[in-house]
1. Got a number for residues in the stretch 51-60 being part of a helix (DSSP H, G or I) and either in contact with a strand residue (DSSP E or B) (Cβ under 9 Å, 6 or more places away or on another chain) or not small (Gly, Ala, Ser) (or both)?
Amino acid sequence: MTDIGDRDDILLIMRSFYDKLLSDRSISYLFTDVVKINLEEHFPILVDFWDGILFGTGTYRKNAMQPHIDLAHKSPLTREHFVTWHIPP
């Protein structure tokens, strides 16, 4: 395993993460039915966020919390959702 080195690495991790997440029906409905996210449009935003966090690039200039707050108003997030997101593969 190597360190995350650039945006391409971040994108690879994001794609892998969302492939696993979307295969789990206990949580995938939040993305497919509730917010109806278009991942191909969302991946650049995710990469900008993590690029900024990991490498201090300043590429992300939005409010990262607001979409999650909006989601919670549409469909409450449960403890189980967070457990699902944080269990190692």
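1. Initially, the stretch 51-60 is screened for residues part of a helix (DSSP H, G or I), giving 51-55.
Checking which are either in contact with a strand residue (DSSP E or B) (Cβ under 9 Å, 6 or more places away or on another chain) or not small (Gly, Ala, Ser) (or both) leaves us with 51, 53-55.
Final tally of qualifying residues: 4.
Quick grid of which residues meet (1) surrounded by 12 or more Cβ atoms within 10 Å (Cβ to Cβ); (2) in contact (Cβ under 8 Å) with a residue 12 or more places away in the chain; (3) in contact with a helix residue (DSSP H, G or I) (Cβ under 7 Å, 6 or more places away or on another chain); (4) part of a helix (DSSP H, G or I):
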{"residue": "Asp9", "(1), (2), (3), (4)": "yes, no, no, yes"}
{"residue": "Glu41", "(1), (2), (3), (4)": "no, no, no, yes"}
{"residue": "Leu46", "(1), (2), (3), (4)": "yes, yes, yes, yes"}
{"residue": "Phe49", "(1), (2), (3), (4)": "yes, yes, no, yes"}
{"residue": "Lys62", "(1), (2), (3), (4)": "no, yes, no, no"}
{"residue": "Gln66", "(1), (2), (3), (4)": "no, no, no, yes"}
{"residue": "His73", "(1), (2), (3), (4)": "no, no, no, yes"}
{"residue": "Pro76", "(1), (2), (3), (4)": "no, no, no, no"}
{"residue": "Val83", "(1), (2), (3), (4)": "no, no, no, yes"}
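Values quoted throughout were computed directly from the atomic coordinates according to the rules given, and no laboratory measurement underlies them. Small disclaimer: the values here were computed from a predicted structure and weren't measured. Glycine gets a Cβ as well: all are built from the backbone with ideal geometry, and neighbour counts include every protein chain shown.
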